[in-house]
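Chemist: This structure is in structure tokens; I'll ask about it shortly.
Just so you know, all these numbers are worked out from the coordinates, no wet-lab data involved. Predicted model, so just to flag it, every value in this text is computed and none were measured. FYI the Cβ positions are ideal-geometry reconstructions off the backbone, even for glycines, and counts take in every protein chain you see.
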Amino acid sequence: MQLRTWFFARDSRPMGTPTAVLLLSVLSTFGCQAILGIEKAEHDPSLTSGDGDDTNTPGDGDGDETTTATGDGDTTAGDGDETTTATGDGDGDTPIAVDGVPGAYFAADSCSTDVDVSASDLISCLYRVSCDPGAPPFSVTSCITFDYVHASPAEACSDGVTSCAEVYACIHRAPATSDQLASCDENIHCDGKCTGTCDGYCDYTYEYNGTTVCDGYCDGTCTGSCDDYAVSKKWSCDGDYAINCSNAGPTIDCGGLGASCGESLTSSSSADGGCAPNSPGATAQEACAAGDDATPHCDGDQYYWCANGTVWGVECEYGCIEADDGAYCGSSAETCDAPGTSTCSGDDLHFCNDDSRLFVHACDRNGLGCSEDGTDCVAEGCSSSACTEGCVDDHTLTVCVGGAQVQIDCTEYGFDGCVEETYSEYQFARCSLGSAP
């Protein structure tokens with residue numbers, strides 16, 4: 001099934017039409033509304049045309065949409081399955097390969113096959129989007145069309161990546177390991193009868209071989225057996241890595257965000273747990289001393305919220321931005337004075353976002369031109385960069401470069417196959433992960 005989609009980052013894409021703001025599920029892992037606003041994405045609904053088939057899959061109860069994969073589930077390379085690639089340029093000739101990109105061809109019905117695509121950029125975008133353990137801030141199509149790895153300073157670290165490990169280090173999040181998930185069940189809080197040692201209050205203790213043993217009600221961590229009620233963790237810590245126990249990952253690298261990990265329990269009704277800044281700002285400390293507030297705010301470049309009298313949050317490398325719907329970490333520090341507008345400067349598309357942050361999209365880096373209305377990067381022969389992303393089969397991904405349709409064999413890059421996904425009502429496709437390439 002093909003999915004008509006255009007998915008792109010909140011603060012780095014020109015907006016010619018009204019947009020809908022959506023929060024990244026990738027950061028909804030911070031508990032309640034915690035780090036939800038650290039990054040944001042926007043989708044232009046005018047560029048989404050449905051085919052009459054509602055592909056939204058009901059969520060699993062945590063607010064995330066369920067990923068739907070096409071194909072027969074067999075993604076093993078070299079097992080005798082027939083590999084589907086583009087069938088050519090419409091005249092029966094051999095498929096036209098994308099120069100320097102193994103396993104990539106222009107689709108038979110592409111509006112253009114004469115596009116000078118940067119092989120390094122397309123491969124970087126493929127890994128950046130496909131390796132993201134949550135919902136990425138943009139699609140592969142948007143990443144390559146609008147040159148995100150160079151237009152957004154926050155994405156510069158993904159330029160040239162050729163593995164998921166490099167992506168994880170760049171975005172400070174990764175899938176949780178089995179050992180990390182196991183920590184969610186270690187040293188859990190007991191709120192009942194403990195037979196063993198209790199690191200909190202115990203109403204009946206006795207000494208045995210020099211150890212104080214609990215044989216009664218324990219309000220703390222019970223090493224032994226907790227017979228009545230064990231309170232599970234919302235967040236567990238592996239050094240400075242925060243593990244989301246409620247959603248089975250991903251882990252957040254708090255240390256890479258100027259913060260430390262803090263554990264929390266499901267018995268807490270507040271948005272505590274996850275990352276807490278190493279040096280909370282004075283404004284943040286004063287606000288949190290006054291009471292809980294799960295709405296994210298800024299204290300200089302610090303993104304924070306308040307829970308249980310504690311400042312939770314991270315440091316923003318490119319500045320913290322207060323928006324109408326809550327704060328978020330920006331992805332560019334350069335400012336501009338015409339918010340919500342875009343213009344062409346040669347083949348560069350300049351976009352000043354709604355919060356007056358400037359982004360320069362180099363259309364010509366991937367053989368594209370800036371559209372006459374100053375809102376798009378388009379391949380010659382294509383009317384716009386609007387794209388039908390999807391999976392041709394269980395391992396072949398369809399994306400676009402300025403509207404020119406390209407098909408990529410995901411198994412060439414160590415992925416298991418191709419998946420079509422929904423985030424809220426927005427749909428996109430990417431290569432799928434089993435074990436990370």
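Chemist: What are the residues whose amide H is under 5 Å from the amide H of Arg173, where those residues sit 5 or more places off or on another chain and H is modelled from the backbone?
Modeler: Hits under the 5 Å cutoff: Asp253.
Chemist: May I ask you to evaluate 6.51 cos²θ - 1.76 cosθ + 1.60, the Karplus curve with θ = phi - 60°, for each residue of segment 342-359 and list the ³J(HN,Hα) values in order in whole Hz, giving x for glycine and proline?
Modeler: 9, 8, 9, 10, x, 9, 9, 9, 9, 10, 9, 6, 5, 9, 6, 10, 9, 10
Chemist: Sort 379-389, 199-209 by the packing proxy (mean of other Cβ within 10 Å over each peptide's residues), most packed first.
Modeler: 379-389, 199-209
Chemist: If the chain between Ser345 and Asp238 were fully stretched, how many nm would it gain, using 0.36 nm times the residue separation less the Cα-Cα distance?
Modeler: Length difference between fully extended and current span is 33.8 nm.
Chemist: Here is a follow-up. Tell me, what HN-Hα J-couplings in whole Hz come from the Karplus equation 6.51 cos²θ - 1.76 cosθ + 1.60 at θ = phi - 60° for each residue of segment 288-296, using x for Gly and Pro?
Modeler: Values, residue by residue: 6, 5, 7, x, 6, 7, 6, 6, x Hz.
Chemist: If you don't mind, another one. Determine the gain in length on full extension of the stretch Ala338-Asp109; use 0.36 nm per residue of separation and subtract their C-alpha separation, reporting nm with one decimal.
Modeler: Stretched fully, the Ala338-Asp109 segment lengthens by 78.6 nm.
Chemist: Turning to a different aspect of this structure: Compute the length gained on full extension between Ser120 and Ala248: take 0.36 nm times their separation in residues and subtract their Cα-Cα distance, giving the result in nm to one decimal. Spell out each step's value before the answer.
Modeler: On the way: separation 128, 0.36 × 128 = 46.08 nm, distance 3.27 nm.
Gain on extension, Ser120 to Ala248, equals 42.8 nm.
Chemist: For Gly216, what residues show an amide H to amide H distance below 5 Å, using hydrogens built from the backbone and excluding near sequence neighbours?
Modeler: Cys194, Tyr204
Chemist: Sticking with this structure for a sec: What are the semi-axes of the equivalent ellipsoid for segment 116-252, taken as the square roots of 5 times the Cα gyration tensor eigenvalues, largest first, in whole Å?
Modeler: Over the Cα atoms of segment 116-252, the semi-axes work out to 49, 12, 10 Å.
Chemist: How high is the FRET efficiency from Asp203 to Thr177, r the C-beta distance, R0 35 Å, rounded to 0.05?
Modeler: 0.40
Chemist: Using modelled amide H (1.01 Å from N, peptide plane; none on Pro or chain starts), what sits under 5 Å from the amide H of Gly319, excluding residues fewer than 5 places away?
Modeler: Hits under the 5 Å cutoff: Gly330.
Chemist: Which value in Å does the Kirkwood hydrodynamic radius of segment 363-437 take, with 1/r averaged over all unlike C-alpha pairs and then inverted? Each step should come with its number before you reach the end.
Modeler: Working: mean 1/r = 0.0741 Å⁻¹.
The Cα-based Kirkwood calculation yields 13.5 Å.
Chemist: Here is a follow-up. Does a label point 7 Å from the Cα of Glu322, set along Cα-to-beta-carbon, have any residues of segment 344-370 with amide nitrogen under 16 Å, and which are they?
Modeler: Correct set: 355-356.
Chemist: Binning at 10 angstrom from zero up to the longest distance, how are the C-alpha pair distances of segment 278-336 distributed in percent?
Modeler: 27, 54, 17, 3
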